Amino acid sequence: MSPIISISHLAKTYAGGKTALRDISLDIRRGEIFALLGPNGAGKTTLISIVCGIVTPSAGTIFADGHDIVRDYRAARERIGLVPQELTVEAFETVWATVNLSRGLFGKPPNPALIEKVLRDLSLWDRKASQIRTLSGGMKRRVMIAKALSHEPRILFLDEPTAGVDVELRRDMWQLVRHLRASGTTIILTTHYLEEAEEMADRIGVIDKGELILVEDKPALMRKLGKKRLTLALAAPLAQIPAALAAYPLTLSPNKEELIYAYGENGARPGIGALLADLVKAGIVVKDLRTDESSLEDIFVGLIRRTP
Amino acid sequence: MNFHAIRAIYIYEMARTRRTLLQSIVSPVLSTSLYFVVFGSAIGSRISHVGGVSYGAFIVPGLIMLGLLTQSISNASFGIFFPRFVGTIYEILSAPVSAVEIVTAYVGAAATKSVILGLITLATAAIFVRMPIIHPLWMLAFLVLTSITFSMFGFVIGIWANNFEKLQLIPLLVVTPLTFLGGSFYSIDMLPPLWRDITLFNPVVYLISGFRWSFYGISDVGVAISLGMTLVFLAACLALVIWIFRTGYRLKT
Ligand SMILES: Nc1ncnc2c1ncn2[C@@H]1O[C@H](COP(=O)(O)OP(=O)(O)OP(=O)(O)O)[C@@H](O)[C@H]1O
Ligand SMILES: [Mg+2]
């Protein structure tokens, strides 16, 4: 299937001379949830803003659902919904007015029933006549989501949708995103919560200093870069690792009571059975064991540190 | 054409107008009344007639124009400046709308409000003086054309301004003086020849002259010239707006 968004050789240098993006090429697959990760100032918002038509690119082309975002901007933009990072609302307007404005702006005929559904899904229905300034921050964010969903976009950009949002709302939002995905919407989100990417994303892209340094299926990424660790708690402290076990990548904990076995990097298959058998042969008694996996967070921090 | 978008923006803007209509009406009604008291009675007692029209009636078209210009500019400039200021402009920039559609909607809404206020000023003036309107359709045409032209000008200011001071600057520094010097309260025939020639560079002269002609059939410059100049300003503002959107000037980074 053709990608729903196709970005090639995109670059952006702002008027002040700041280069925010360098030669980005990226395809987003139809119906996936794509998480864009990167530290502050990496260029995530810039990338999203260019696709949505808010920032003009310095070089490169972008197709959204087969439509050039510059030459064929109407067809491209009709398909795209955006929830920006910043909370920007017109304080004195009502929820109802602002959400209906959004639908109209994107060329859709009025549809009160649909707007009602969107507002109900976001628990905003009983605040529909309220001025936006009277809502809490989390509710304002939901208004922004309602605006983006009001025109039934096929592609939805969520720029840090859960920044400054409480746990419950975050859960709600994840559920909403899954629900949207199930109905065929492609979702591109940025986040600083790795937990979120780990939980939601099908694929992950990491951007740093304007460069896309990695794009990978989430499970493959975890497999490729994830490390596993087997920690063996010993019945009696060990002075040093016996020569018979030298073939294994073992380390002894500082208090000499635990043996740590690292494995699984780059998909290597471990020989845990053999290790346990050799431990018995060497007369070492294990009283407990546990395994740890590195999280996306560890992977991410490792990646960013590696780039100069 | 994205008609849904034009309609949506127009409705949204008119809702804002409706919320503030009362305070918008108070000001022209009050200032019109004051002008009549001050100019009409004080000066009117010295100048009784201009070109066969009583002074009180003579100043009505100029007064309406004065209100129309300031209202059009402030409505339209605020209408587009505010979304830029609070950041909600992102949505318009990311929507499938063309420059022409955005301008049609915003300028349409601002001009609608100006026309309403112009008619309210006219009604207020009618309480103080009796005046004929010889060419009512032309009167409306000038009213609407001027509202559109200066709403478009206001729209440009709303995009150019990057703070509230600049938003006020042009109306205060340029438009009010031009209106006062544009023959609102006198016929330019009353001026010494040199000043009369200089005044002809003031675009507002043409607007007021044409508008006054639609009331009383008297004018400082030919009606065709007035109409032509009004259309020239309209075209100039339109060209400016289109250039702004083409280049993304002050809207996109
Ligand atoms: N309008 C602008 N003018 C000039 N420079 C800008 C502008 N917007 C962003 N930048 C710069 O471009 C770079 C990328 O910014 P961007 O907002 O895309 O980062 P980000 O990845 O979204 O960061 P964050 O996680 O903090 O939201 C930064 O160095 C930023 O200072
Ligand atoms: Mg950002």
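The values are calculated or read from the model by the stated rules, or taken from the named source; none is laboratory data. Since the model is a prediction, treat every value here as computed from it, not as a measurement. Neighbour counts are summed over all protein chains in view; Cβ atoms, including those assigned to glycine, are modelled from backbone coordinates with ideal geometry.
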Within the stretch B:194-228, how many residues turn out to be surrounded by fewer than 22 Cβ atoms within 10 Å (Cβ to Cβ) and in a helix (DSSP H, G or I)? 13
Selection status of A:Gly60, in contact with a His (Cβ under 7 Å, 6 or more places away or on another chain), more than 8 Å from chain B (Cβ to nearest Cβ) and surrounded by 23 or more Cβ atoms within 10 Å (Cβ to Cβ): no
Of all residues in the stretch A:186-215 being assigned to a loop (DSSP other than H, G, I, E, B) and within 16 Å of ligand 1 (Cβ to nearest atom), which is farthest from A:Leu47 (Cα to Cα)? A:Tyr193
Only one of (1) away from ligand 1 (no atom under 12 Å from the Cβ); (2) within 13 Å of another protein chain (Cβ to nearest Cβ) does not apply to A:Lys18, and that is (1)
Condition first: at pLDDT 85 or above, charged (D, E, K, R) and more than 16 Å from ligand 1 (Cβ to nearest atom). Can you find one or more residues in the stretch A:155-169 that meet it? no
I'd like to check something: does the stretch A:126-136 contain any residue that is under 28 Å from the mean Cα position of the chain (by Cα), more than 14 Å from chain B (Cβ to nearest Cβ) and buried (at least 18 other Cβ atoms within 10 Å of the Cβ)? yes
Among B:Ile148, B:Ile120, B:Ile127, which is the only one that is without any contact (Cβ under 8 Å) to a residue 24 or more places away in the chain, assigned to a helix (DSSP H, G or I) and closer than 24 Å to B:Gly217 by Cα? B:Ile127
Scanning the stretch A:156-185 for residues that are in a loop (DSSP other than H, G, I, E, B) and touching a residue at least 12 places away in the same chain (Cβ under 8 Å) gives A:Glu160, A:Pro161, A:Thr162, A:Ala163, A:Gly164, A:Val165, A:Asp166, A:Gly184, A:Thr185
Among the residues of the stretch B:159-170, the number that are part of a helix (DSSP H, G or I) and either modelled with pLDDT under 80 or polar (S, T, N, Q) (or both) is 1
For A:Ile80, state whether it is of a type in the set (Val, Ile, Thr), in contact (Cβ under 8 Å) with a residue 12 or more places away in the chain, away from ligand 1 (no atom under 13 Å from the Cβ) and more than 10 Å from chain B (Cβ to nearest Cβ). no
Quick check on the stretch B:11-22. Is at least one of its residues more than 14 Å from chain A (Cβ to nearest Cβ) and either in contact (Cβ under 8 Å) with a residue 60 or more places away in the chain or not aromatic (Phe, Trp, Tyr) (or both)? yes
List the helices (runs of 4 or more DSSP H) inside the stretch A:48-155, counting only whole elements, that have at least 2 residues being farther than 21 Å from B:Ala5 by Cα and away from ligand 2 (no atom under 16 Å from the Cβ). A:112-121, A:137-149
Looking for whichever is modelled with pLDDT of 85 or more and small (Gly, Ala, Ser) here; the options are B:Ser184, B:Ser147. Which one fits? B:Ser147
Going through A:Lys140, A:Lys128, A:Lys117, A:Lys147 one at a time, which residue ends up being closer than 27 Å to A:Arg29 by Cβ and away from ligand 1 (no atom under 16 Å from the Cβ)? A:Lys147
Taking A:Leu221, is it modelled with pLDDT of 85 or more and within 28 Å of the chain's Cα centre (by Cα)? no
